[in-house]
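Undergrad: Dropping the structure in here first, questions after.
Throughout, read-outs are computed from the coordinates displayed, never taken from laboratory work. Predicted model only: the values in this text are computed from it and were never measured. Every residue, glycine as well, gets a Cβ built from its backbone with ideal geometry; the counts of neighbours run over all protein chains shown.
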Amino acid sequence: MSDAVSRPDLPDHLSGNPRSPNYIEEIFEHEIGIRLNGKDYTNVEEYCISEGWVKVPSPKALDRKGQPILIKLKGKVEAFYK
């Protein structure tokens, strides 16, 4: 018997913010990994594979609502299940 869990396909554009239209709750039931230019990132808030960018939170800067400001990093993006 196999313990393989059915995982949904990872979309081209995904956001970790529940207020975003690109948020898909079923995806976050599994652990996801993001690799940008060969380096693994653990703090990615949003990504787009086809456009080649990820957004990561700024370490200190906050917007007027108290949310971290997102910094866009560009390169080759790979998304995968861990």
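Undergrad: Residue separation times 0.36 nm, minus the C-alpha to C-alpha distance between residue 42 and residue 80: what's the value?
TA: On the way: separation 38, 0.36 × 38 = 13.68 nm, distance 1.22 nm.
Extra length available between residue 42 and residue 80 comes to 12.5 nm.
Undergrad: Okay, moving on. Once the Cα atoms of the chain are picked out, what are the Rg and Dmax in Å?
TA: 13.9, 53
Undergrad: Using the per-residue mean of other Cβ atoms lying within 10 Å as a proxy for protection, in what order, highest first, do the peptides 47-58, 62-73, 27-38 fall?
TA: On the way: 47-58: 16.5, 62-73: 11.2, 27-38: 13.7.
For the peptides 47-58, 62-73, 27-38, the packing ranking is 47-58, 27-38, 62-73.
Undergrad: Further question: What is the range 5-82's relative contact order, in percent, from Cα pairs under 8 angstrom and six or more apart in sequence? Spell out each step's value before the answer.
TA: Values: 133 pairs, mean separation 23.8, N = 78.
Reported as a whole number, the value is 31 percent.
Undergrad: I would also like to ask the following. Roughly speaking, what is the stretch gain from residue 28 to residue 65, that is 0.36 nm per residue apart minus the C-alpha to C-alpha distance, in nm to one decimal?
TA: Taking 0.36 nm per residue and subtracting the Cα distance, the gain is 10.9 nm.
Undergrad: I've got another one for you. Kindly write out, for the range 7-23 in residue order, the coupling ³J(HN,Hα) from the Karplus curve 6.51 cos²θ - 1.76 cosθ + 1.60 (θ = phi - 60°), rounded to whole Hz, with x marking Gly and Pro.
TA: Per residue, the Karplus-derived 3J(HN,Hα) values read 10, x, 5, 6, x, 5, 10, 9, 10, x, 8, x, 7, 7, x, 9, 8 Hz.
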